[in-house]
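**Q** Pasting in a structure now, in structure tokens, and then I'll have a few things to ask.
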């Protein structure tokens with residue numbers, strides 16, 4: 001069963017990626033956020049990202065036009081009231097997500113499925129703030145949404161088999177993604193495994209063991225990664241990565257999820273990665289990596305003097 005219209009709450013990186021993915025399948029999308037300014041910026045960024053794909057022969061101008069024509073941009077939650085599925089994609093803050101789910105539960109038909117794209121938070125806890133816990137489920141997409149062929153489908157304690165089967169079918173047949181069934185646990189599969197890896201890579205950089213470029217090269221060539229861990233963190237957003245770590249640390253009380261001091265320092269400085277133009281690396285306006293961040297001054301190995 002396909003859904004012909006979906007509302008997405010949150011027009012950030014993941015929200016606009018999911019909007020593009022759905023629209024590219026012919027699905028009508030309502031993309032909702034707080035202000036027209038946010039929506040305008042999201043539209044500009046989405047347009048730029050698709051222009052880059054056009055330059056690489058990854059899509060055509062007509063395909064871009066078709067995708068954008070199927071996305072409605074709105075600041076009104078009530079515009080989501082007539083859809084069979086709502087996907088929440090706001091930042092990883094439990095209280096804000098709870099309010100979205102409470103509001104959507106009131107506005108939407110009792111048959112509407114409420115989906116969260118959370119990476120670390122409890123589906124069961126979010127579902128408890130609705131009158132339809134059987135219709136609340138997680139679809140954890142990975143960045144970049146359009147290109148990564150995976151989606152984790154996360155059941156809460158009271159998610160029904162009917163809801164799971166329907167969402168799995170949509171993921172496979174409509175979105176052409178490979179679904180992985182996950183029973184709720186902090187971090188699920190992908191986030192729980194990738195977070196300690198990213199954190200350790202940042203520690204290696206902070207300790208001066210190797211440069212950011214060499215750390216990423218080592219992991220790409222040594223283990224077949226398509227992208228190195230530091231560039232990956234920059235792409236995800238360093239503030240987002242730190243939120244994941246802090247949520248997992250709070251849930252599991254394990255030190256391996258404690259954000260590296262260097263990560264905290266960069267986030268406090270506003271060096272949030274690709275979206276800010278600088279993180280572990282520097283980026284141009286098109287998001288292309290142009291070098292390491294010179295403001296990261298770290299201890300490096302200095303050979304002993306020759307005697």
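**Q** Take region 183-211 and flag every residue that is in a loop (DSSP other than H, G, I, E, B) and within 15 Å of the chain's Cα centre (by Cα).
**A** Across region 183-211, the qualifying residues are 187, 188, 189.
**Q** OK, next. Counting just the residues of region 109-135 that are part of a strand (DSSP E or B) and without any contact (Cβ under 8 Å) to a residue 40 or more places away in the chain, which one comes out farthest from the chain's Cα centre (by Cα)?
**A** If we take residues in region 109-135 being part of a strand (DSSP E or B) and without any contact (Cβ under 8 Å) to a residue 40 or more places away in the chain, then 114 is farthest from the chain's Cα centre (by Cα).
**Q** Quick test for you: out of 106, 65, 78, 97, pick the one residue that is under 27 Å from residue 273 (Cα atoms), assigned by TED's automatic domain parsing to the domain that holds residue 134, free of Cβ contacts under 8 Å to residues at least 60 places away in the same chain and part of a helix (DSSP H, G or I).
**A** Answer to the check: 97.
**Q** Moving to a separate point now. For region 21-39, name all the residues that are assigned to a helix (DSSP H, G or I) and surrounded by 15 or more Cβ atoms within 10 Å (Cβ to Cβ).
**A** If the condition is that a residue be assigned to a helix (DSSP H, G or I) and surrounded by 15 or more Cβ atoms within 10 Å (Cβ to Cβ), then 21, 22, 23, 24, 38, 39 are the ones that fit.
**Q** Within region 2-20, is even one residue out of contact with any strand residue (DSSP E or B) (no Cβ under 7 Å at 6 or more places or on another chain) and surrounded by fewer than 17 Cβ atoms within 10 Å (Cβ to Cβ)?
**A** Checked against the condition, which is being out of contact with any strand residue (DSSP E or B) (no Cβ under 7 Å at 6 or more places or on another chain) and surrounded by fewer than 17 Cβ atoms within 10 Å (Cβ to Cβ), region 2-20 yields at least one hit.
**Q** Among the candidates 240, 267, which residue alone is at pLDDT 95 or above and under 23 Å from the mean Cα position of the chain (by Cα)?
**A** Going through 240, 267 in turn, the sole match is 267.
**Q** When you go through (1) at positive phi; (2) surrounded by fewer than 15 Cβ atoms within 10 Å (Cβ to Cβ); (3) in contact with a strand residue (DSSP E or B) (Cβ under 8 Å, 6 or more places away or on another chain) one by one for residue 295, which number turns out not to apply?
**A** Going through (1) at positive phi; (2) surrounded by fewer than 15 Cβ atoms within 10 Å (Cβ to Cβ); (3) in contact with a strand residue (DSSP E or B) (Cβ under 8 Å, 6 or more places away or on another chain) one by one, residue 295 breaks only (1).
**Q** Restricting the search to region 40-59, which residues are outside any loop (DSSP other than H, G, I, E, B) and buried (at least 16 other Cβ atoms within 10 Å of the Cβ)?
**A** Within region 40-59, 42, 43, 45, 46, 49, 50, 53 qualify.
**Q** Let me ask another. Quick check on my filter: what residues within region 241-253 are touching a helix residue (DSSP H, G or I) at 6+ places or on another chain (Cβ under 8 Å) and touching a residue at least 60 places away in the same chain (Cβ under 8 Å)?
**A** 244, 248
**Q** Select from region 175-192 the residues that are out of contact with any strand residue (DSSP E or B) (no Cβ under 8 Å at 6 or more places or on another chain) and modelled with pLDDT of 95 or more and list them in ascending order.
**A** 176
**Q** Moving on. Given the criterion closer than 27 Å to residue 166 by Cβ and in contact with a helix residue (DSSP H, G or I) (Cβ under 8 Å, 6 or more places away or on another chain), identify the matching residue among 21, 46, 31, 68.
**A** 31
**Q** Another question, if that's okay. Scan region 222-239 for residues that are assigned to a helix (DSSP H, G or I) and under 29 Å from residue 90 (Cβ atoms) and report the count.
**A** Residues flagged as assigned to a helix (DSSP H, G or I) and under 29 Å from residue 90 (Cβ atoms) within region 222-239 amount to 10.
**Q** Can you tell me which residue within region 178-220, out of those that are free of Cβ contacts under 8 Å to residues at least 12 places away in the same chain and in contact with a helix residue (DSSP H, G or I) (Cβ under 7 Å, 6 or more places away or on another chain), is nearest to residue 92 (Cα to Cα)?
**A** 204
**Q** Return a yes/no flag: does region 212-221 have any residue that is within 22 Å of residue 149 (Cβ to Cβ) and assigned to a helix (DSSP H, G or I).
**A** Looking for residues that are within 22 Å of residue 149 (Cβ to Cβ) and assigned to a helix (DSSP H, G or I), one finds at least one in region 212-221, hence yes.
**Q** Here is a follow-up. Run residue 147 past the list (1) assigned to a strand (DSSP E or B); (2) surrounded by fewer than 21 Cβ atoms within 10 Å (Cβ to Cβ) and report the number of the one that doesn't hold.
**A** All conditions pass for residue 147, except number (1).
**Q** Does region 251-260 contain any residue that is at pLDDT 95 or above, within 15 Å of residue 92 (Cβ to Cβ) and in a helix (DSSP H, G or I)?
**A** Looking through region 251-260, at least one residue is at pLDDT 95 or above, within 15 Å of residue 92 (Cβ to Cβ) and in a helix (DSSP H, G or I).
The values are calculated or read from the model by the stated rules, or taken from the named source; none is laboratory data. Since the structure is predicted, the reported quantities are computational estimates derived from the model, not experimental observations. Neighbour counts run over all protein chains shown; Cβ positions are idealised from the backbone, glycine included.
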